[in-house]
Amino acid sequence: MNAVVTAQRLPVISLQDVSFSYEGGIEALKRVSLRVAKGEKVAVVGGNGSGKTTLAKHLNGLLKPSSGKVLIGGQDSSRTSVATLARTVGYVFQNPDYQLFCTSVEEEVRFGPHSMGLGRDDESALVERSMKLMGIGHLREQSPISLSLGDRRKVAIASVLATSPEVFVLDEPTTGLDTVESAQLMATLDVLRSEGMTVVLITHEMRLVAQHMDRVIAMSEGSVAFDTEVEEAFSDSDRLRRCKLLAPPITVLAQRLRAQGALSKGAATPLQLVEQVVRVRGERR
Amino acid sequence: MRAFELTKTRVRYRGSDILALCDVSVGVDEGEIVLLLGSNNAGKSTFCRLLNGLVPHSIPAQVDGAVEVLGRDVSKTSVARLATLVGMVFQEPESQLFCMSVEEEVAFGPENIAIPRAEIISRVEWALGVVGLSGYNARPPSNLSGGEKQRLAIAAALSMRPRLLVLDEPAYALDPAGRTDLYALLRTLRERYGMTIIIAERDAEELTELCDRVILLRSGRVVADGAPSEVLSRIDEMVVAGVSPPQIAHLSALLADRFPGKTRPFFTMGGAEKEIADLVRTSGGDAP
Ligand SMILES: Nc1ncnc2c1ncn2[C@@H]1O[C@H](COP(=O)(O)OP(=O)(O)OP(=O)(O)O)[C@@H](O)[C@H]1O
Ligand SMILES: Nc1ncnc2c1ncn2[C@@H]1O[C@H](COP(=O)(O)OP(=O)(O)OP(=O)(O)O)[C@@H](O)[C@H]1O
Ligand SMILES: [Mg+2]
Ligand SMILES: [Mg+2]
């Protein structure tokens, strides 16, 4: 699907000419304009310090633009409380320790839905489902800060998930997770997405982007360097390099094989590439 | 000379009934670049902490078997003494940063071992330069982005010019170009200073060409130890150990399964390209 066309449908998030400077004068966002439509799966990528986390904190009103406008579910973020915006956008911090403060895992996960004043039953259902999706039910009694990085990360994700946001923004959620856990998280995001949730994933893991995301927004020095659908994002290696990015090996290999006419389509995983080879051999027979 | 030698080493943290490392025997020569690969709880961080004496000197644990680093028995060498030989980048860099400015953070180590002022200044500039943080000198570390903090933690270890450099998941928060830059830097450090380098990671994707050797850990045990092209091609073993195989090596194995006898194993992008082009060109006669 064309990213630009999708974004014109029903934007849940809209940034118009947003600039932002931290105290001390670092201009971390420079005239950023973008729209995210309901149900999109968007990756935000780019070099260290390019403004991804700063951008993410604008999506839920934690930071307010120095100039320009941020609309979240139609509400101007500069005039709406963070608590209200949190009903629309859930944000999982890059560092889970900035987010965890309760004495038990269950209490942590319950905090968000509880403060939103849902009924007791709804609240418990959301808490249980989030803990189940993140596979942390067995940790419910434990203190979050005593856990390994990977488990703290999962608790942080579950506690935001439990507020059942329309838009789920995750800032490098796979750091601290191992391969199996990252794959599980990505599968969970796919499920949530199929239920209509909008997913914004900030990550340095290009393999996950190639496999799971539809649209890629690349940040560079505070500006949007490009905003395209995923295949196109990985097609221009010079542009990627300027943005401190690299396409995953299989994506590059598939591109090379297509260029020499050996394959007719791209591939994002080794298995997809094998299937391509099987198909092409079948056709040539 | 040996950079370090673990002989039948076992580690059990105080209060735990799990062996974090179990009968690990590994010897590494000076100048080697070694990848320590394993999933969560495999024992990577424990292995790293043995090398700078943090285990057992600062984190109480029972350590059986010998641990020798640059000819010294770690059990009889202080953490302070080991810090002059072994540089460490910790897994969660934020926990490692405590100074008021980027510059102080990088100067901290060398100041503690009484390096002359002029030398410290030049090392700080060098270390900030190689990690891409030139000009960040006066910034408070707490205000850096995640990846910038990671880069600072690496610079702080480099300014000590250690003989043995241990990096516990250094790619953690780095952008993709930053990872390749780091690996190129590590190679230069080995060439220029003969540094021995140990990198713990749960993913080998971009490391296939950097390291001389890969040690695969699973539940505290060494399950494979050899050349990257050998260990990283053992796909089943990697999957059992919970780490994802490099994509190209994985592809090679999948193709060999799907087209038995028709492909030769490959490990590089170039090798893959040639092999698959041949496979497509010679279509015909496949079992369905
Ligand atoms: N609290 C702060 N005060 C001042 N400057 C900051 C602060 N947080 C971030 N910055 C600066 O703003 C810029 C953008 O930072 P941001 O955290 O948005 O980057 P990022 O793209 O998320 O990077 P990373 O990939 O390393 O997480 C960087 O130059 C950073 O040093
Ligand atoms: N300080 C500690 N006290 C008690 N047990 C510990 C401690 N640190 C680690 N362990 C345990 O030792 C085993 C090995 O852990 P270690 O941290 O070395 O693994 P790792 O490979 O670094 O994992 P990760 O990828 O999660 O960082 C695990 O079972 C872990 O729970
Ligand atoms: Mg960030
Ligand atoms: Mg570890």
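For B:K76, the lysines whose Cα falls under 22 Å of its own Cα, not counting residues fewer than eight places away in the same chain, are B:K8.
Each of A:V92, A:L246, A:L139 was placed along the dipole of chain A (beta-carbon charges, centred on the mean Cα), and the one lying farthest toward the positive end is A:L246. Sorting A:Y22, A:Y98 by accessible area puts them as A:Y98, A:Y22; the probe is 1.4 Å, largest comes first, and only protein heavy atoms count. Accessible-area rank, largest first, for A:K244, B:K149: A:K244, B:K149, with all protein chains present and a 1.4 angstrom probe.
Given in Å, the Rg to one decimal and the Dmax to the nearest whole number for the Cα atoms of the protein assembly as shown are 24.5, 73.
Burial of accessible area (probe 1.4 Å, heavy atoms of protein chains only) in the stretch A:17-56, relative to its chain alone, reaches at least 10 Å² for A:I26, A:N48, A:G49. Only DSSP H runs of four or more residues enter the estimate; each adds -39500 (n - 2.57), and after division by the residues of chain A the mean residue ellipticity at 222 nm equals -11500 deg cm²/dmol.
Rounded to whole numbers, the Karplus 3J(HN,Hα) couplings from phi for the stretch A:101-116 are 8, 7, 8, 9, 4, 5, 4, 4, 6, 6, 3, x, x, 5, 6, 7 Hz, using 6.51 cos²θ - 1.76 cosθ + 1.60 with θ = phi - 60°, and x at Gly and Pro.
Evaluated with a Cβ-only charge set (Lys, Arg +1; Asp, Glu -1), the protein assembly as shown carries a dipole of roughly 640 debye about its Cα centre, given to the nearest 20. If you look at the Cα atoms of the stretch A:84-129, you get an Rg and a Dmax of 11.2, 31 Å.
Rounded, prolate or oblate: pick one for chain A, where a ≥ b ≥ c are the square roots of the eigenvalues of its C-alpha gyration tensor, a/c under 1.5 means rounded, and failing that, prolate if a/b is larger than b/c, else oblate. Taking the square roots of the gyration eigenvalues as a ≥ b ≥ c, chain A is oblate.
Between 0 and 90 degrees, the angle of helix A:149-161 with respect to the longest Cα principal axis of chain A falls at about 70 degrees. The charge dipole of the stretch B:97-159, taken about its Cα centre with unit charges on the Cβ atoms of Lys, Arg (+1), Asp and Glu (-1) only, comes to about 120 debye. Shown are B:F90, B:F98, whose ranking by accessible area with a 1.4 Å probe and every protein chain present, most to least, is B:F98, B:F90. Report, in listed order, any pair from A:K41/A:K154; A:K132/B:K149; A:K41/B:K44 with a Cα-Cα distance greater than 23 Å. As for pairs spanning more than 23 Å Cα to Cα, those are A:K132/B:K149; A:K41/B:K44. Of the solvent-accessible surface of chain B, computed with a 1.4 Å probe over protein heavy atoms with every protein chain present, carbon and sulfur atoms account for 51 percent. Put the Cα centre of the stretch B:154-181 next to the Cα centre of the stretch B:30-70 and the gap is 17 Å. When only the Cβ of Lys, Arg, Asp and Glu is charged (+1, +1, -1, -1), the dipole of the stretch A:125-204 relative to its Cα centre reaches about 140 debye. Label the stretch B:97-159 by shape, choosing from rounded, prolate and oblate, from the square roots a ≥ b ≥ c of the eigenvalues of the Cα gyration tensor; if a/c is under 1.5 it is rounded, and otherwise prolate applies when a/b is larger than b/c, oblate when it is not. Prolate, since a/c reaches 1.5 and a/b exceeds b/c. Ranked by the mean number of other Cβ atoms within 10 Å of their residues, highest first, the peptides A:62-68, B:270-276, B:100-106 come out as B:100-106, B:270-276, A:62-68. Considering only B:V124, B:S101, B:A153, the residue lying farthest towards the positive end of the dipole of the stretch B:97-159 is B:A153, judged by Cα position with unit charges set on Cβ. Using a 1.4 angstrom probe on protein heavy atoms only, the contact between A and B buries about 4000 square angstrom of accessible area, both sides summed.
Bridging of A:K64 to lysines at a Cα separation below 20 Å is possible for A:K30, A:K52, once same-chain residues fewer than 8 apart are set aside. For the Cα atoms of chain A, what angle does the longest principal axis make with the long axis of helix A:249-259, in degrees from 0 to 90, nearest 10? Helix A:249-259 sits at roughly 30 degrees to that axis.
Entry comment: accessible area of the protein assembly as shown is 42 Å² per residue, from protein heavy atoms only and a probe of 1.4 Å.
Tell me which lysines have Cα within less than 16 Å of B:K274's Cα, excluding those fewer than 8 residues away on the same chain? The reachable lysines, counting only those whose Cα sits under 16 Å from B:K274, are B:K262.
Checking the a/c ratio against 1.5 first, then a/b against b/c, what shape does the Cα gyration tensor give for the stretch B:203-288? Prolate. The Cα atoms of the stretch B:147-271 cover 52, 34, 27 Å along the three principal axes, with the biggest extent listed first.
The values are calculated or read from the model by the stated rules, or taken from the named source; none is laboratory data. Computed from a predicted model, the values in this text were never measured in an experiment. Heads up, the Cβs are rebuilt from the backbone with ideal geometry, glycines too, and the neighbour counts pull from every protein chain shown. Keep in mind that these areas ignore ligands, DNA and RNA; they rest on the heavy atoms of the full protein, side chains included. Shrake-Rupley method; radii C 1.70, N 1.55, O 1.52, S 1.80 Å.
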